[in-house]
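What follows is calculated from the coordinates using simple rules that are stated; it is not laboratory data. Remember, it's a predicted structure, so these values are computed and weren't measured experimentally. For neighbour counting, all protein chains shown are included, and Cβ atoms are generated from backbone atoms with ideal geometry for every residue, glycine included.
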Amino acid sequence: MKFVWDEHKNQINIKKHGVSFDEAKEVFDGSPLVYFDVDSSLNEDRYIAIGFSGARLLAVAFVNRDAGTTRIISARKALKSEEKRYGRGY
């Protein structure tokens with residue numbers, strides 16, 4: 001799987017959430033919980049992946065581009081509600 005992102009957005013994300021997109025892509029190495037982000041999918045189909053990067057549970061917003069390419073939009077530490085959702089598996 002290939003990952004792409006806007007580097008300026010990555011720097012903003014690091015300052016805001018303390019998570020780089022390079023770290024965020026580690027979520028996809030495991031078995032993340034992925035669901036459709038209906039609230040943010042007005043112009044494109046966006047998804048949220050909840051999974052681990054090391055010992056941190058992260059929530060990563062992304063878009064699937066052409067075959068095999070994932071564009072990371074944002075990443076942050078998972079909220080308590082997302083932790084519960086991940087634990088339930090849905």
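Please verify whether segment 55-67 includes one or more residues that are over 10 Å from the mean Cα position of the chain (by Cα) and in contact (Cβ under 8 Å) with a residue 40 or more places away in the chain.
Going through segment 55-67, the residues over 10 Å from the mean Cα position of the chain (by Cα) turn out to be 55-57, 64-67.
Then keep just the ones that are in contact (Cβ under 8 Å) with a residue 40 or more places away in the chain; that gives 65.
Yes, segment 55-67 has at least one match.
Of everything listed in (1) touching a His at 6+ places or on another chain (Cβ under 7 Å); (2) without any contact (Cβ under 8 Å) to a residue 40 or more places away in the chain, the single unmet condition for Asp6 is (1).
Residues of segment 30-54 that are under 21 Å from Asp6 (Cα atoms) and without any contact (Cβ under 8 Å) to a residue 12 or more places away in the chain: Ser41, Leu42, Asn43.
Looking only at residues in segment 63-90 that are loosely packed, with under 10 Cβ neighbours inside 10 Å and basic (Lys, Arg), the one that is nearest to Gly18 (Cα to Cα) is Lys80. Annotation for segment 36-45: at least one member residue is polar (S, T, N, Q) and touching a Lys or Arg at 6+ places or on another chain (Cβ under 7 Å).
Looking only at residues in segment 9-56 that are touching a Gly at 6+ places or on another chain (Cβ under 6 Å) and not aromatic (Phe, Trp, Tyr), which one is surrounded by the fewest Cβ atoms within 10 Å (Cβ to Cβ)? It comes out as Gly30.
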